[in-house]
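Novice: Next up is a structure, given as structure tokens.
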Amino acid sequence: MILMSDLPMPLFVGIPTPDGRAPVMTINALKDMESLIGCKVMPLVAQGSSIVKNRNNILNTIREIVGDDKVTVPMLWVDSDIFLEYESIPEVAKMVNEVFDVVDVDPLAVVAFSPNYNMSNGWSALALHGGRHPKGEDLIHLDLLAYSGLGFLMLNMPVDYEFHSGPLGEDIYFFEEVPLNLRYWSGIKLWHQKLMVV
């Protein structure tokens, strides 16, 4: 019998969705990079009325898969309305491998990388210390960030974290409560497609 502990750790891809949509083109592109990262890509989709609940359900599933001995796991959060350009896959693979490399050296190091994309209000999903939202051209590869959106975030994820919401949104609380080294990753093109039901 093959145990989970005998297999290489997969790259977990958490996709919280309010309406059952998942970015199929993005998932297919990420699955195509398995040979570049040396492990399986495991998409985990959770649907429900609350994005916070969906994120926590994804983490519950990961805990069931990896067991109690894992404190953190390499993970990519992808929102259901984020589309990855296929030609960016080699750069995404480099970003993923960087997290795996750091985890090999220090399994508890919470390192995170985020490319740039715009939120629905047109602002960058990235923020520098002081709350300034920079434009992509203002940033240098691996610049230190204060926070980003969770729409496309590669990190060594603490599996016992519990997302919660409030006036600031669940992502801001996450970056305030989890001590991590968050850096900008350049060269990845993403599209943020908002759905409006009329």
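The values are calculated or read from the model by the stated rules, or taken from the named source; none is laboratory data. The shown structure was predicted, so the numbers you read here are calculated from the model rather than taken from an experiment. Cβ sites come from the backbone with ideal geometry, for glycine too, and all protein chains shown count toward neighbours. Protein only, heavy atoms only, side chains kept; ligands, DNA and RNA dropped before computing areas. Shrake-Rupley method; radii C 1.70, N 1.55, O 1.52, S 1.80 Å.
Novice: Return a yes/no flag: does region 135-146 have any residue that is in contact with a strand residue (DSSP E or B) (Cβ under 6 Å, 6 or more places away or on another chain) and on the phi > 0 side of the Ramachandran plot.
Specialist: Within region 135-146, one or more residues are in contact with a strand residue (DSSP E or B) (Cβ under 6 Å, 6 or more places away or on another chain) and on the phi > 0 side of the Ramachandran plot.
Novice: Restricting attention to region 136-148, which residues are in contact (Cβ under 8 Å) with a residue 12 or more places away in the chain and out of contact with any helix residue (DSSP H, G or I) (no Cβ under 6 Å at 6 or more places or on another chain)?
Specialist: The first filter runs over region 136-148 and keeps only residues in contact (Cβ under 8 Å) with a residue 12 or more places away in the chain, leaving 136, 139-148.
The answer is 136, 139, 140, 141, 142, 143, 144, 145, 146, 148.
Novice: If you don't mind, another one. Suppose we filter region 38-50 for residues that are within 17 Å of the chain's Cα centre (by Cα) and either charged (D, E, K, R) or farther than 21 Å from residue 25 by Cα (or both); how many remain?
Specialist: 1
Novice: Anything in region 4-47 that is open to solvent by less than 10 Å² (accessible area, probe 1.4 Å), in contact with a helix residue (DSSP H, G or I) (Cβ under 8 Å, 6 or more places away or on another chain) and assigned to a helix (DSSP H, G or I)? List them, or say none.
Specialist: Correct list: 29, 30.
Novice: Among the candidates 124, 80, single out the residue that is in contact with a His (Cβ under 8 Å, 6 or more places away or on another chain) and either surrounded by fewer than 17 Cβ atoms within 10 Å (Cβ to Cβ) or in contact (Cβ under 8 Å) with a residue 12 or more places away in the chain (or both). Full working, then the answer.
Specialist: On the way: 80 fails: in contact with a His (Cβ under 8 Å, 6 or more places away or on another chain).
After applying the criteria, what remains is 124.
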